[in-house]
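Down below is the structure, laid out as structure tokens.
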Amino acid sequence: MPGRGRCPDCGSTELVEDSHYSQSQLVCSDCGCVVTEGLLTTTFSDEGNLREVTYSRSTGENEQVSRSQQRGLRRVRDLCRVLQLPPTFEDTAVAYYQQAYRHSGIRAARLQKKEVLVGCCVLITCRQHNWPLTMGAICTLLYADLDVFSSIYLQIVKLLGLDVPSLCLAELVKTYCSSFKLFQASPSVPAKYVEDKEKMLSRTLQLVELANETWLVTGRHPLPVITAATFLAWQSLQPADRLSCSLARFCKLANVDLPYPASSRLQELLAVLLRMAEQLAWLRVLRLDRRSVVKHIGDLLQHRHSLVRLAFRDGTAEVETRGKEPPVWGQGQREGEVGNNSLGVAQGKRPASPALLLPPCMLKPPKRICPAPPVSTVTGDENISDSEIEQYLRTPQEVRDFQRAQAARQAAMSVPNPP
């Protein structure tokens, strides 16, 4: 094509147009040299005046994005689409990722940290918009370690100075329970185990609120507590057919993972329910245990607030007041016999007060290894330095004696030894 000129490298006239990333370029077909660049319209003034500038003179060359950042931005968008988040969430998460990437500590971080950064930006966006999403769900999608994720999450929140509200527990319960495969019959779920979603969700919310009122949620991961509450709610709706089902089998039927502390949270919830059942007269005579109390969860939740106050209040003052009341001597009771007060406890013995409403970490504090006391090797014959001896001088006479002793010692040291 002689009309297009010659190649500056080899002098060939075989120049062809090649489209590279939607940009027209003139390339030598013999040596591959790019003779002319594509034309781009980049600035607002250029667009207004309809002028074209080459890429080397455009603003795009100075705003290059590294491959690592491009990959991270794609991962943020992909994760938002997997979670089916609204477009505004995706834009906000991308903006947070770009802000975090401007810091040198993030740019120089390892690939694992940059991968976790993607999930942190998405989780922060969901928390700010009150979207029920847990940290464990993000870690599962990214195959990330939960401890590493939580540390980087706190670091990013502090680095960007963001205000992230706490997760709404009720919304989390609704989202988590919706993933249970127990609301319609299937080959893997028998008909007697199928439950109505609204009934199960309502009772689960009440049990989670009860756990929150009795300090079982504070400072703990919410999913084990929700799993235990869902299991109890499911059992209590049809106890005759479901009391024989264990927590592990329940999670397998529901197609959810069994969190490790869920068994402990289950035992703590049952202990709270038993304390509440002791306050109802028609349940006290039944001598309920951890298995049979499940049948009466509906009654306990109906009077939840008053039963919690009765079961976990400080009843020492009331018991002492009743104990000071004069005994009533009636039939079948002599003056020398030991009488019973209105609480049904022998006189002279105070009934046990209700349990204290405290967090489990305070009721059962973890055992700590007590370090052995250091062995003292002081015998009293050690030399005392001049800087320390002033602490032992009390009277002016002691000070003068110490000064004389120092002068005599210096004089003795200055006398030369005899040959």
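Only one entry of LEU205, LEU159 meets the criterion of being part of a helix (DSSP H, G or I) and under 30 Å from CYS245 (Cα atoms), and that entry is LEU205. In the stretch 248-259, the qualifying residues are those that are crowded, with 17+ Cβ neighbours inside 10 Å and in a helix (DSSP H, G or I), and the one that is farthest from the chain's Cα centre (by Cα) is LEU253.
Between LEU232, LEU269, LEU223, LEU273, the distinction of being hydrophobic (A, V, I, L, M, F, W, C), open to solvent by less than 40 Å² (accessible area, probe 1.4 Å), modelled with pLDDT under 90 and under 27 Å from the mean Cα position of the chain (by Cα) belongs to LEU223 only. So, of the residues in the stretch 61-80 that are assigned to a helix (DSSP H, G or I) and surrounded by fewer than 11 Cβ atoms within 10 Å (Cβ to Cβ), which turns out to be modelled with the highest pLDDT? Among those residues, the one meeting the criterion is ARG67.
The values are calculated or read from the model by the stated rules, or taken from the named source; none is laboratory data. Predicted model only: the values in this text are computed from it and were never measured. With ideal geometry, Cβ positions are generated from the backbone for all residues, glycine too; neighbour counts draw on all protein chains shown. Ligands, DNA and RNA are excluded from the accessible area calculation, which covers all protein heavy atoms including side chains. Shrake-Rupley method; radii C 1.70, N 1.55, O 1.52, S 1.80 Å.
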